[in-house]
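Here's the structure we're looking at; comments come further down.
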Amino acid sequence: MSNAQDFIALEEQYGAHNYHPLDVVITRAEGAWVWDVDGKKYMDFLAAYSAVNQGHCHPRLVKVMEAQMRRVALTSRAFRNDQLGPFCKEICELTGFDRVLPMNTGAEAVETAIKAARKWGYTVKGIPEDQAEILVFAGNFHGRTTTIVGFSSDEEYRFGFGPFTPGFKILPYGDIEAVKAAMNPNVCAVMIEPIQGEAGIVAPPEGFLKELRNLTTDNNCLLVCDEIQSGLGRTGKLFAYEHEDIWPDIVIIGKALSGGMYPVSAILADNEVMSVFKPGEHGSTYGGNPLGAAVAREALKILVEENMIQRSAELGAYFMEKIRAIESDHIELVRGKGLWIGIVLKTSAGGARRFCEALQENGMLCKETHETVIRVAPPLSVTRDDIDWAVERLDKVLTTL
Ligand SMILES: *Cc1c(COP(=O)(O)O)cnc(C)c1O
């Protein structure tokens, strides 16, 4: 079988229809580029929602993964392995946190953060049993478990999946007065994406995170930053919260933690919070396994050693300037940070999907988000020439369609 239509037909016939992908069937990838089954080459401007910040199939990751697979892949946490300790030390030294708790997918790490925050609320803060509240924000995306979709503000994510876990309150994103009004002694945490990715690369007003940090400190509750998509270099800093110079109590990471090789996620926290977990109270069969730990160690080294965070800041600014210079009647505004750019189209443009389809024809894979935003988030290994190439195509599609 070689024809794209055949692969698509198989998926359509035998797979659940829980996605609506562009009809491009990828068979191979390298750096910022992917190839489809017909041999056509595309630049990847989604980077698996920032899971491949390091670039597709990074040779160093492939090498480490292969070697580790041959030695030992999974031990379970009933025993120890020689990758977990070094992983914990290296990630703590890189991020400045005291401790790390590794999981697998992003949603699991979010669940872990929720458990940590609640347990801290009961055992440290003294919230009465089963009364803990977590404040979250409209437009959030924290994953797909029943608990997490229960506090989504998006009907598509929620409808038909109830009844939902109580204890969450949704507030307008970026509205500090709303957070003040919702504060009460039972609040154990406020959980936020420093920049909302799935919502269309939306940042809160400048200074909001700082105010939120002060407010949570004053009210003795935790600040939890979900950096699964915004973190690990995407915005031109290791973490997006660094743009406002704050220190969260819990940071949730995933996606690029493994450079796209394998699901690895984690929460980071200091001793006071992380020590709420005692042996047996939380865990995962694959969490902290030697393969995942080895891959994550290398993925973090690549980010640092290949200056990917700095590249994201510099090339992102360059890219943003070029996109803003495109003279198209369809563009409402261009926003973002680092190599994470949202091109917001006017309602008159007729939706972002048709532009993404036209970009695909021109060799660029982008994905629309929330109907009207074209999300541009290439691997951080992208070059200036790649960006010039992409701007030409963006210009063409946005000015002729
Ligand atoms: C992708 C994402 C998640 C969920 O991660 P999965 O690995 O898909 O479970 C959670 N939060 C944010 C901000 C994300 O972008």
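The values are calculated or read from the model by the stated rules, or taken from the named source; none is laboratory data. Note that the structure is predicted; figures quoted are calculated from it, not measured. Virtual Cβ from ideal backbone geometry, glycine too; neighbours counted across all protein chains shown.
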(Q) Out of the residues in the stretch 201-235 meeting the condition of being of a type in the set (Gly, Ala, Ser) and surrounded by fewer than 24 Cβ atoms within 10 Å (Cβ to Cβ), tell me which one is farthest from the ligand (Cβ to nearest atom). (A) Gly207
(Q) From the list Tyr318, Tyr286, Tyr262, exactly one residue is of a type outside the set (Asp, Glu) and modelled with pLDDT under 95. Which is it? (A) Tyr262
Q: Run down Arg71, Arg77 and say which single residue is within 21 Å of Met261 (Cβ to Cβ), surrounded by fewer than 14 Cβ atoms within 10 Å (Cβ to Cβ) and more than 16 Å from the ligand (Cβ to nearest atom).
A: Arg71
Q) Of all the residues that make up the stretch 179-200, how many are more than 15 Å from the ligand (Cβ to nearest atom) and not in a strand (DSSP E or B)? A) 8
(Q) So Tyr241 ticks every box in (1) part of a loop (DSSP other than H, G, I, E, B); (2) buried (at least 18 other Cβ atoms within 10 Å of the Cβ); (3) not charged (D, E, K, R) but one. Which box is left unticked? (A) (1)
Q. Of the residues that make up the stretch 130-152, is at least one exposed (fewer than 15 other Cβ atoms within 10 Å of the Cβ) and of a type in the set (Phe, Trp, Tyr)?
A. no
Q.
Six or more apart or on different chains, Cβ atoms under 9 Å: show the pairs whose first residue is in the stretch 315-334 and closer than 21 Å to Thr235 by Cα and whose second is among the hydroxyl-bearing types (Ser, Thr, Tyr).
A. Leu315/Thr383; Gly316/Thr235
Q | Residue that is farthest from Ser265 (Cα to Cα), among those in the stretch 244-255 that are away from the ligand (no atom under 16 Å from the Cβ) and assigned to a loop (DSSP other than H, G, I, E, B) | A | Asp245
